[in-house]
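The values are calculated or read from the model by the stated rules, or taken from the named source; none is laboratory data. All figures in this text were calculated on a predicted structure; none of them were measured in a lab. Positions of Cβ are backbone-derived with ideal geometry, glycine not excepted, and every protein chain shown enters the neighbour counts.
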Amino acid sequence: MLTNRLRRQSNTTDATVENGAAAEDQETTAFIVEPQQPRDLVVTYSAASGSTSTEPVPPPPYKDQSPPSYAKPDSPASTKPDSDPESTTTTTTATAPYPVSQPTTAAATTATVADPDPRPTATTAAEESSRVPPVIANIMGNSGGMAVCICGVAVAVAAVIMGFIIASIHTVEEGYVGVYYKYGAMLDAHTLPGMHMKDPVATTMVQVMIRPETDKLPSMQASTQDGITILFDDIQVISRVNEAAVTTIMKRYGRKFKHALVFDRVREELRIFCANNTVDDVYNHRFLDIVDEVRSNVVGTIKRLASGQIEILNLVISKPDIPNDIADNYKQVKVQWTEQLVAKQKQATDEIKLKTEELRAIANAKRQKAVLEITLQEKLLQKEGEQNVSRLNNDIIREQEENLANIEKFKKETAAAANKALYSKEYVQLQMALALANNTKFYFSGETSPLGGLLAKVMN
């Protein structure tokens, strides 16, 4: 509403331009209007300084209180030559429908208008198209305004460039690589973690994880060889894609390449394994073989489809859920199996007890044998000791007797040697003579008798 009122005020202004000033250089003045009688204004414009001054003049008498109809500006009045063209002053006489309390320039105009007559006004299309906005006309006619306009355009261009630069800066997080799409087509190059730049308009960036990632597959059903449907509720896969092959794999299999190369292949191999085995094999006997067989088959498929650029680090498949009636049968079997285990365990316990007693007896016998051997060894050592003592005693006695015998022998040998030296023939004869001298009687039986022969030998 305020804009329409200002337009009505500008359109109803009659102006007379002096000194040959162009129509586009005319100044438009906005007014703060009060419901009083109209007054004439004299507008003075200086081309050198770009300033405008407005002075009121006594208003002409009028009869109609309604706003005047829109009309074109009057023809220019006579001009006077100016010796200083740079200080050209344009004087415009305008008739305002409302008195002005405070004039302002068109470069910065803020007006609060109270319209006493809300009746609509009309203007022709030719007048609207031919009229130049006063602000633009003022800027075009003012060299200082042109500089301001150029500065504003430069600031706007700099702001746009800065916005493009800020929009082009992006960051790739650690453990990811950046893959780029230009106009929907994937580029061959990718970026490593860090800060990078891209075309913010034509290029989009997608981060792809290259570090080991754990994915939990949704629950799946599978049918065994004997037609039993079982449910696998917890399947987890830890996988990692080779950094150099990210763009190649994504071009062939899309952003969700792991679904096609890993997750779907795990489900497929698991269903094939269940189809080739009975529920008893899957649930009991061959349950530990599921992971190895499924993983090896999936790795082979990845080598065939993606040259082995995706690595399966770990695969976890939990025990499947089987129907309740089969589960109850397995429970009964397990109960009987546990009873058998108890019986076997009891037998094993009894055997262990018997073996323990046997080992205890053997240990006692061995201990007694060892004790007896030790005792015999002690006695043997004792007898050997006694024998050695007796031998030593005998040796001592023998040595003593030998010493005594040797002493006696020495005595006798010494006595014999002394007797041999003492009992000479003459001494014997002397002793015999002495002995015979003490006897009073002699009995001889002739020279042939022993005593006669002995006496004959001695005396001879």
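With the structure loaded, tell me whether residue 447 is modelled with pLDDT of 75 or more and not β-branched (Val, Ile, Thr) or whether it fails that test. Against the criterion (modelled with pLDDT of 75 or more and not β-branched (Val, Ile, Thr)), residue 447 does not qualify. Filtering segment 307-325 to residues that are charged (D, E, K, R) and either touching a residue at least 40 places away in the same chain (Cβ under 8 Å) or in a strand (DSSP E or B) (or both) leaves 311, 321.
Is it fair to say residue 299 is in contact (Cβ under 8 Å) with a residue 12 or more places away in the chain, part of a helix (DSSP H, G or I) and closer than 22 Å to residue 324 by Cβ?
So residue 299 does not fit the description; no.
Screening 271, 240 for residues that are touching a Pro at 6+ places or on another chain (Cβ under 7 Å) and closer than 17 Å to residue 301 by Cβ leaves exactly one candidate, 240. The numbered conditions (1) of a type in the set (S, T, N, Q); (2) at pLDDT 90 or above; (3) in contact with a strand residue (DSSP E or B) (Cβ under 7 Å, 6 or more places away or on another chain) are all true for residue 168 except (2). Within segment 236-252, the residues that satisfy the criterion of being among the aliphatic types (A, V, I, L, M) and in a helix (DSSP H, G or I) are 244, 245, 246, 249, 250.
In segment 290-322, the qualifying residues are those that are crowded, with 19+ Cβ neighbours inside 10 Å and more than 29 Å from the chain's Cα centre (by Cα), and the one that is nearest to residue 232 (Cα to Cα) is 320. No other residue among 287, 273 is in a loop (DSSP other than H, G, I, E, B), surrounded by 12 or more Cβ atoms within 10 Å (Cβ to Cβ) and hydrophobic (A, V, I, L, M, F, W, C) apart from 287.
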